[in-house]
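K.L.:
Here it is, the structure, as structure tokens.
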Amino acid sequence: MIIVKSSREIELMKEAGNVVALVFEECRKMLKSGVTTLEIDQKAEEVIRSHGCIPTFKGYGGFPGSICISVNDTLIHGIPSNKIVLKDGDIVSLDVGATYQGYCGDACRTYPVGQVTEKASRLMKVTEESFYEGCKQIHPGAHLGDISHAIQEYNESHGYSLPRDYTGHGIGQHLHEDPSIPNVGKAGTGPILQVGMCLAIEPMVAEGKPFTRVLNDEWTVKMKDGKLSSHYENTVVVTETGYEILTKLKEK
Ligand code: MG
């Protein structure tokens, strides 16, 4: 069942989303050679809690970190660790969830560490652009499949592939609500979008083949072929005229 949110609920989700955006502002400054992903996680938790939020992912299904940090061929769900040390040329995704007064915000960015290859830059750029291509489809009366289709088309037209096992999702009082939002799909299919639906749209894009494997830690999802992957996400709300991103810094 898809739960449409009231304007009061959306305000609370904007508060959560503002804190998610603050985590990106603070943590991206730390992305340098020699830094461990555990150090980044500790900073993220500090920012989240100091703004009256709870790190949504901590303990979710037993996840041990405050955020997910996934480097290079790790697609998603990387567990922060003092054994994972960033180095120049890495690309690293920070997937951040914050809960404010019971309402969640969820977003992800993939950043370069030092100088990265042209190939890696292009992958990150196309992944982000594909999020916006998907969002262009959002308006009341559109189908969910219109978003999926646009994301798929854009990435495939650039020679990338889309792992099928992981999707975006509805979001609100729960991190994962209906509907699930695949990154591949047919236009004109799926649920019809309504004002007040809140969606976490998150292209997860592979440079090589779309096949993944989960490590023995039961979380870390890696590309089977060891090639690069990238991830970009925001929580958005469907509005009368289109959509609004909730996981952004609030205007002062
Ligand atoms: Mg998500």
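The values are calculated or read from the model by the stated rules, or taken from the named source; none is laboratory data. What you see is a predicted model, and the numbers here were worked out from it, not measured in a lab. Because the Cβ atoms are built from the backbone with ideal geometry, glycine has one as well, and the counts that use them run over all protein chains shown.
K.L.:
Do you know which of the residues in region 74-95 that are assigned to a strand (DSSP E or B) and in contact with a Cys (Cβ under 8 Å, 6 or more places away or on another chain) is nearest to the ligand (Cβ to nearest atom)?
P.N.:
Selected residue: Asp95.
K.L.:
For region 143-215, list the strands (runs of 3 or more DSSP E) that sit wholly inside it and hold at least 1 residues that are farther than 26 Å from Gly105 by Cα; which are they?
P.N.:
212-214
K.L.:
Just for region 101-117: of the residues that are part of a loop (DSSP other than H, G, I, E, B) and either of a type in the set (A, V, I, L, M, F, W, C) or within 15 Å of the ligand (Cβ to nearest atom) (or both), which one is farthest from Asp41 (Cα to Cα)?
P.N.:
That would be Val116.
K.L.:
Go through (1) touching a strand residue (DSSP E or B) at 6+ places or on another chain (Cβ under 8 Å); (2) at pLDDT 95 or above; (3) surrounded by 15 or more Cβ atoms within 10 Å (Cβ to Cβ); (4) at negative phi one by one and return the number of the condition His77 breaks.
P.N.:
(4)
K.L.:
Any chance you could count how many residues in region 4-30 are part of a loop (DSSP other than H, G, I, E, B) and in contact (Cβ under 8 Å) with a residue 12 or more places away in the chain?
P.N.:
4
K.L.:
Continuing with the same structure: Here is a list: Ala98, Ala120. Which entry is within 16 Å of the ligand (Cβ to nearest atom) and in contact (Cβ under 8 Å) with a residue 60 or more places away in the chain?
P.N.:
Criteria check complete, one pass: Ala98.
K.L.:
Let me ask you something else. Could you say which residue among Ile151, Ile245 is under 30 Å from Glu118 (Cβ atoms), within 15 Å of the ligand (Cβ to nearest atom) and surrounded by fewer than 21 Cβ atoms within 10 Å (Cβ to Cβ)?
P.N.:
Exactly one of Ile151, Ile245 is under 30 Å from Glu118 (Cβ atoms), within 15 Å of the ligand (Cβ to nearest atom) and surrounded by fewer than 21 Cβ atoms within 10 Å (Cβ to Cβ), namely Ile245.
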